[in-house]
Amino acid sequence: MTSTNTASAEPITLCRVHLGAGGPLSDVRIESGLVAAVFPAGESPRADGRSIDLDGRTLLPGLWDSHVHMVQWAGLRRRLDVSGAGSAREAADAAGERAAVLPPGEPVIGHGFRDGLWPDVPHKDLLDALVPDRPALLISMDLHCAWLNSAGLALLDRGDHATGLLLENECMQAMAELATASAELTDQWVQDACVAAAARGITGIIDFEFADNITDWTRRMNGAAVPLRVAASIWPPHLDAAISRELRTGRPLDTPGGLLEVGPFKLFTDGSLNTRTALCHEAYPGAIPGAPGSHGLEQLSPQELVSLLRRASSHGIEPAVHAIGDRANEMALDAFEAVRCRGRIEHGQLLAAKDIPRFAELGVIASVQPTHAVDDRDVADRHWAGRTHRAYAFADLLEAGAVLELGSDAPVAPLDPWLTMASAVTRTGDERPAWHPEQRIPVAAALATSSQGRRLIRVGDRADLVVTDADPLTADARTLREMPVHATMLAGAWTHGPSL
């Protein structure tokens, strides 16, 4: 395996490869990081460089994950996994077992709990009883809730907190302060995660890590060969600095190979489904209508949202607005309509029927994460009962003409584009029937929405490509989910494929 931040200097001809899913058998010439020519198989002229016989495999445009929290994903493999806990007590027991084998003073960092269906309630006292002598931080699967013990709260100067449950912005601050390693170690973890992503056919990501992403990714790309393109998002604390530097969404930054670009401006309108902070028109079951939090959490007022969209977009920085509940999505679309700027809505999980066509009408990208529909179906059935026919409405959005981009929201779901696509195509991740099968999308649409709309490979395209052992159009559900990736190419250079 090799990875590079520069286009391959050696011309390559990929022989006997199907040009796209279901495409004709072809020879594809790669020069200077671009697709230079395409010929019917066996008809490419003799030329300099290497010729590689791909034996009838399938050549696809390189895949993107349009929503990643890269540092969180990179650290996930080194954290305690509590995703299988069926109660707060089970999660706390797992934290206590981990603490017993850690060196003295090392914090317990866990990830993945889903308390939306638990019979009991997370509380600092429960963690204190099992982890009394060191900080403990358990992060929910959706990254919107952090559960700390008293020692962890003390490190945040929050020792007087009543429950130890920190939501939304407080949760993100806790993760930033307690769940990070040194920059050097974090960069190595991120590099490893990028290599693993390339092995699954990923050639680019949009990174929404809660950090100064432009600074961090500039450091990483100038320090090592990163095998991905990265669009680095901007968070509100860094907006003024980005404006002062005259940064613009999509503009390449000064890194080897031009693989780093300025990403969108990340904003929140609401919270999440699991924490019942997604902002909805209807109250959550058991909540008192009109009581604080009964409909979720409004993180920005409509006026504040419009003001921030206008400020960022007037300087060429496109907004990416987090909106999960139907009321939050309506508010986000209203703001885009008021400002009339380009941008995207992240998640769009629950939509009012009247708002579905507005994505296309306003030119707002729907950045969605299909694996959430599979993982959240039980929580949605409980907390959005009677409304799930308009939840994760991918087929309806496509039919209405919206531009979809698929992502994982890693670490909420694995950074694996084939799992993402399989979830969109099948709407199930186990033996149960598809959940709202009317919202399934075709494989061809899943491929296009995972490759920035590139349905075909054309002469002049960047040579960001993936070679698969199976044709996705004819693969069964299991093969699609576990798709064998033979090789991945970025700017004409291999980033995955030891046999090449």
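The values are calculated or read from the model by the stated rules, or taken from the named source; none is laboratory data. Because the structure is predicted, anything quoted here is derived from the model rather than measured. Quick reminder, even Gly has a Cβ in these numbers, built from the backbone with ideal geometry, and neighbours come from all protein chains shown. Note: areas computed on protein heavy atoms with side chains; ligands, DNA, RNA excluded. Shrake-Rupley method; radii C 1.70, N 1.55, O 1.52, S 1.80 Å.
For the range 188-214, which residues satisfy the criterion of being more than 22 Å from Phe268 (Cα to Cα) and either open to solvent by less than 10 Å² (accessible area, probe 1.4 Å) or in contact with an Asp or Glu (Cβ under 8 Å, 6 or more places away or on another chain) (or both)? Scanning the range 188-214 gives Val190, Ala193, Cys194, Ala197, Ala198, Arg200, Gly201, Ile202, Thr203, Gly204. Just to be sure, is Asp133 open to solvent by 70 Å² or more (accessible area, probe 1.4 Å), more than 30 Å from Arg220 (Cα to Cα), free of Cβ contacts under 8 Å to residues at least 12 places away in the same chain and part of a loop (DSSP other than H, G, I, E, B)? No, not satisfied. For the range 232-267, the set of residues classified as buried (at least 23 other Cβ atoms within 10 Å of the Cβ) and among the aromatic types (Phe, Trp, Tyr) consists of Phe265 only. Residues considered: Gly49, Gly86, Gly96. Of these, the only one that is under 27 Å from the mean Cα position of the chain (by Cα) and surrounded by fewer than 20 Cβ atoms within 10 Å (Cβ to Cβ) is Gly86.
Applying a threshold of 7 Å to beta carbon distances and a minimum spacing of six or more residues, or different chains, the list of pairs starting in the range 268-280 at a residue that is within 10 Å of His322 (Cα to Cα) and ending at one that is outside any loop (DSSP other than H, G, I, E, B) and open to solvent by 10 Å² or more (accessible area, probe 1.4 Å) reads Thr269/Met331; Gly271/Leu167.
I need the full set of residues from the range 358-378 which are open to solvent by 10 Å² or more (accessible area, probe 1.4 Å), within 28 Å of Ser83 (Cβ to Cβ) and either hydrophobic (A, V, I, L, M, F, W, C) or free of Cβ contacts under 8 Å to residues at least 12 places away in the same chain (or both), in order please. Matches in the range 358-378: Val374 only. For the range 208-252, the tally of residues that are assigned to a strand (DSSP E or B) and either β-branched (Val, Ile, Thr) or within 17 Å of Ala176 (Cβ to Cβ) (or both) stands at 4. Of the helices (runs of 4 or more DSSP H) lying entirely inside the range 313-425, those carrying at least 1 residues that are among the β-branched types (Val, Ile, Thr) and within 30 Å of Val190 (Cα to Cα) are 370-375.
The set of residues from the range 21-35 being under 21 Å from Leu447 (Cα atoms), open to solvent by less than 10 Å² (accessible area, probe 1.4 Å) and in contact (Cβ under 8 Å) with a residue 40 or more places away in the chain comprises Val28, Val35. A residue that is modelled with pLDDT of 95 or more and assigned to a helix (DSSP H, G or I) occurs nowhere in the range 75-87. Collect the residues in the range 456-500 that are in contact (Cβ under 8 Å) with a residue 40 or more places away in the chain, farther than 16 Å from Leu19 by Cα and of a type in the set (A, V, I, L, M, F, W, C), keeping them in residue-number order. Of everything in the range 456-500, those that are in contact (Cβ under 8 Å) with a residue 40 or more places away in the chain, farther than 16 Å from Leu19 by Cα and of a type in the set (A, V, I, L, M, F, W, C) turn out to be Ala477, Leu480, Met483, Leu490, Ala491, Ala493, Trp494, Leu500.
A residue that is open to solvent by 10 Å² or more (accessible area, probe 1.4 Å), of a type in the set (Gly, Ala, Ser) and under 27 Å from Lys124 (Cβ atoms) cannot be found anywhere in the range 215-231. Residue check: is Gly112 touching a strand residue (DSSP E or B) at 6+ places or on another chain (Cβ under 6 Å), outside any helix (DSSP H, G or I) and surrounded by fewer than 22 Cβ atoms within 10 Å (Cβ to Cβ)? Judged against the criteria, Gly112 is a match.
If Leu297 meets every condition in (1) under 21 Å from Gly263 (Cα atoms); (2) aliphatic (A, V, I, L, M); (3) open to solvent by 10 Å² or more (accessible area, probe 1.4 Å); (4) touching a strand residue (DSSP E or B) at 6+ places or on another chain (Cβ under 8 Å) apart from one, which number is that one? With (1) under 21 Å from Gly263 (Cα atoms); (2) aliphatic (A, V, I, L, M); (3) open to solvent by 10 Å² or more (accessible area, probe 1.4 Å); (4) touching a strand residue (DSSP E or B) at 6+ places or on another chain (Cβ under 8 Å) applied to Leu297, the lone miss is (1).
A single entry from Leu117, Leu156, Leu185 fulfils the requirement of being surrounded by fewer than 18 Cβ atoms within 10 Å (Cβ to Cβ), under 28 Å from the mean Cα position of the chain (by Cα), farther than 25 Å from Leu273 by Cβ and of a type in the set (A, V, I, L, M): Leu185. Looking at His281, is it of a type outside the set (A, V, I, L, M) and over 26 Å from Trp64 (Cβ atoms)? For His281, the condition - of a type outside the set (A, V, I, L, M) and over 26 Å from Trp64 (Cβ atoms) - is met. Just to be sure, is Arg432 under 20 Å from Gly116 (Cβ atoms) and not in a loop (DSSP other than H, G, I, E, B)? Against the criterion (under 20 Å from Gly116 (Cβ atoms) and not in a loop (DSSP other than H, G, I, E, B)), Arg432 does not qualify. Of all residues in the range 452-500, those that are at pLDDT below 95, open to solvent by 20 Å² or more (accessible area, probe 1.4 Å) and either on the phi > 0 side of the Ramachandran plot or not charged (D, E, K, R) (or both) total 6.
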